[in-house]
Amino acid sequence: MKALILGRGVSGRGAACLLGSLGFSYQFYQDGDCAPDVSMFDFAVRSPGFPINHKILRLLRAKNVPTLGEIELAFRFSRGKIVSITGTNGKSTTTALIHTALKTNGYKTFIGGNFGTPFSEFALKTKPETVSVIELSSFQIEDLKSYRSDISVVLNITPDHMNRYRDFHEYAETKLKLLKHSDIAILNRDDPQLRSTKGDNIIFFSRKERADAYVDSEKIVVNLKKKTEIPLSELPLKGVHNLENYMAAATVLNLLGLTEDEIIRGFKAFNGLPHRTEFVGTVKKVKFINDSKSTNPDSLKKALESFEKVILIAGGSSKGLDFRELKELFKERVKEAVFIGETAELLAETFKGLSPILRASSMEEAVRKAFELSKPGDTVLLSPGCASFDMFKNFEERGEAFKKAVLKLKRDLEEKVEN
Ligand code: ADP
């Protein structure tokens, strides 16, 4: 068997690793390479980032060469249970949370997909007792065929990636396609796109009303065949968004048979991922939070809902998203704002007149200006609400630049005191 692997990135290389172990031969193709004779191949594997309307996909179809997504390929060679997590925001946090809880309690588990290791890289290591926890982006869901998830979570569906999809409806439909590949689906009832979803296999969680999982007087309650109650005081991650992630994770773990004590132990072992409302430190009683992974309006909204007296650093590269829905919250929570990057003008125009607004042309300048505007007890929050590619390689580099600038600020102030 010979495969054509479309895309030579992390997923493409993961697929190559799987195919190599199976003794298949393969060839990579990506833009810039000489187009191969597609009739030489038995099948093709598409990496999620490879354009869905690329002409080589048309050529493959014309020659009746089947094309699989990398996740679909991995699924076909995996064993054990699969938990799939999707949503616009919170995928990585919830995937890592569930995986940590399982591992802490001695389960044989793998984590991957859109987060960290490609599924193809560990599919052959899975056993009947394995639980694979797979983060799926909408790009990965597009290609699912026979993929079957024992339990799936859709955390939320809010505007993002409008540069890839025709409109929000098409983006939402892609995410919801996961439900057709799931035995049980856990959905957020507070999400307007998800609350009206119907089906026998659907379980809802909600922060606002009594669903199958809900919040009641300082605890999370999962009210299924087996009841689970988790005091909020036991949860290390704060913020309204993390409460949703905890509810979804607790529901998954309850369904997998973990006891209340095991779930609590698992949750306590997870201290969050870097660049997601990450506490960086305090300078003269001003708190600094790095939420560099916030790349759309809803993650910015959740960050603003989670902090008060905020000096906001936001802005970045444009994805054609609209921030007007955040105006009221901005007025309520943001004392001052410093905007950076390509979208600085758009943000300044959107939030004009609600709070004082400054611009900065580097992260260091933004941090310095934000600190100068702050008072003890305030929070300087980097939550860009936009992608990072205008000024940085990725969100990690942006978050590291923020942390470095905070450290420098701290050092400069200490030096001043010493002099
Ligand atoms: P994803 O993998 O979907 O991008 P992450 O866990 O990496 O999700 O978080 C991305 C951003 O979304 C961060 O700014 C984080 O604080 C925020 N976030 C995390 N969970 C949620 C949630 N349930 N709803 C909205 N925003 C969230």
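Here are the numbers:
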| quantity | calculated |
| --- | --- |
| Full-extension gain in nm, Thr282 to Glu342, via 0.36 nm per residue minus C-alpha separation | 18.7 nm |
| GluC sites (Glu not before Pro) lying in DSSP loop within the range 265-326, provided at most 15 other Cβ fall within 10 Å | Glu308 |
| Charge dipole (debye, nearest 20) of the chain; +1 at Cβ of Lys and Arg, -1 at Cβ of Asp and Glu | 440 debye |
| For Gln30, distant residues with modelled amide H under 5 Å away | Gly7 |
| Using θ = phi - 60° and Karplus 6.51 cos²θ - 1.76 cosθ + 1.60, couplings along the range 164-170 (whole Hz; Gly, Pro as x) | 10, 9, 4, 7, 4, 4, 5 |
| Whole-percent pair-distance distribution, where bins are 5 Å wide, for the alpha carbons of the range 75-268 | 1, 8, 18, 22, 22, 15, 10, 4, 1, 0 |
| For the chain, share of DSSP beta bridges that run antiparallel, in % to the nearest 5 | 20 percent |
| Estimated FRET transfer efficiency (Glu218, Ser21; beta-carbon r; R0 56 Å; 0.05) | 0.70 |
| Candidate lysines - alpha carbon under 16 Å from Lys327, same-chain residues fewer than 8 apart omitted | Lys301, Lys302, Lys309, Lys335, Lys352 |
| Cα principal axis extents for the range 373-419, largest first, Å | 39, 22, 13 |
| The range 278-418, accessible surface, carbon-and-sulfur percent (1.4 angstrom probe) | 51 percent |
| Rounded to whole Å, sorted largest first: equivalent-ellipsoid semi-axes of the range 278-418, Cα gyration tensor | 23, 17, 13 |
| Positive-pole candidate from Leu409, Asn156, Ser84, dipole of the chain, charges at beta carbon | Ser84 |
| The range 41-47 - phi-based ³J(HN,Hα) in whole Hz, Karplus 6.51/-1.76/1.60, Gly and Pro as x | 9, 7, 7, 10, 10, 9, 6 |
| Percent of C-alpha pairs per 20 Å bin, the chain, short to long | 25, 53, 21, 1 |
| Mean projection area, nm², convex hull over Cα of the range 48-111 | 5.9 nm² |
| Equivalent ellipsoid semi-axes - Cα gyration tensor, the range 157-280, angstrom | 26, 19, 13 |
| Cα centroid separation - the range 241-273 against the range 340-419, whole Å | 33 Å |
| His169-Arg195 FRET efficiency (beta carbon distance; Förster radius 25 Å; 0.05 resolution) | 0.95 |
| Under 13 Å, Cβ to Cβ, from Lys319 - net charge with Lys/Arg +1 and Asp/Glu -1 | -4 |
| Amide H contacts of Phe110 (H built 1.01 Å from N, under 5 Å, at least 5 apart or other chain) | Val131, Ser132, Val133 |
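The values are calculated or read from the model by the stated rules, or taken from the named source; none is laboratory data. Bear in mind the structure is a predicted one, so any value in this text is a computation, not a measurement. All Cβ positions, glycine included, derive from the backbone under ideal geometry; neighbour counts span all protein chains shown. The area values use the complete protein model at the heavy-atom level, side chains included, leaving out ligands, DNA and RNA. Shrake-Rupley method; radii C 1.70, N 1.55, O 1.52, S 1.80 Å.
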